[in-house]
Amino acid sequence: MKKIILVDSKWDINSPAIKYVLKASKGTDTEIAGIFLAADTGKETVENAEAALKAVKQGFESEGIPFSAHVIGPDPKAFTKKIDDLMPASLVLIGDAEFSGEMARGGASIEALKERLACPVTTADAIAAGEHAQKKTAGGINWSKFIMYAIGSAIMYGVFFPMLKVLNGKIFMTGTIVGALAIMAAVVIHAWIWGNTTQILPKLFKLEK
């Protein structure tokens, strides 16, 4: 069974981090191990943290995802020991959690985790930024390329093809090596220009699946 370790200080069931691990774990053999990074270990703080984790646990288990969690205060040694105890994991995801200066000096920070652990360590913000960039690349239209290919297509259909009869007599149908190479070049150029133009058209008219 795979494991994702999620570190968070709020554990809001609707947060991007929790939504991500739910999506990544649903229907897979993956368990979620949570660490509630609390501001202190006072009785009231711990009780509130445990109540939040209980609600999240119900959400995960309703989706059939195994979930366990631990409340850890701002103690770098306790935090790193808990991370080590939960290993091996396929991913450590940092949600809405801030590491204090004391924790960072004690070796408990995102950078320290990235250097020390063998598995990937990332943040919910980094994942969200990556997904946004991917959607923008997939769904956006490169207008400069589209205009260039459209002009090329216009030249092919408005200039080249009307002169095809003349070009056949002077170049293409002369039975020479130059003529054969010219035919090959014309076919390749036309296919490249028109193929790239039609590749962008579905995005332009929102016809992509």
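The values are calculated or read from the model by the stated rules, or taken from the named source; none is laboratory data. All of these numbers come straight from a predicted model, not from anything done at the bench. FYI the Cβ positions are ideal-geometry reconstructions off the backbone, even for glycines, and counts take in every protein chain you see.
Data overview
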item	result
Pairs where the first residue, in segment 189-202, is modelled with pLDDT of 70 or more and the second is part of a helix (DSSP H, G or I) and surrounded by 13 or more Cβ atoms within 10 Å (Cβ to Cβ), C-beta under 6 Å, 6+ apart	His190/Met156; Ile193/Tyr149; Ile193/Gly152; Ile193/Ser153; Asn196/Tyr149
Subset of segment 75-106 (residues that are assigned to a loop (DSSP other than H, G, I, E, B) and in contact with a helix residue (DSSP H, G or I) (Cβ under 6 Å, 6 or more places away or on another chain))	Gly95, Gly106
Members of segment 24-48 that are farther than 15 Å from Gly95 by Cα, in a helix (DSSP H, G or I) and not β-branched (Val, Ile, Thr)	Ser25, Lys43, Glu44, Glu47, Asn48
In segment 1-48, residue modelled with the highest pLDDT [restricted to those that are under 18 Å from His70 (Cβ atoms) and of a type in the set (Phe, Trp, Tyr)]	Phe36
Unique residue being over 15 Å from Trp11 (Cβ atoms) and buried (at least 17 other Cβ atoms within 10 Å of the Cβ) when the list is Lys82, Lys114, Lys43	Lys82
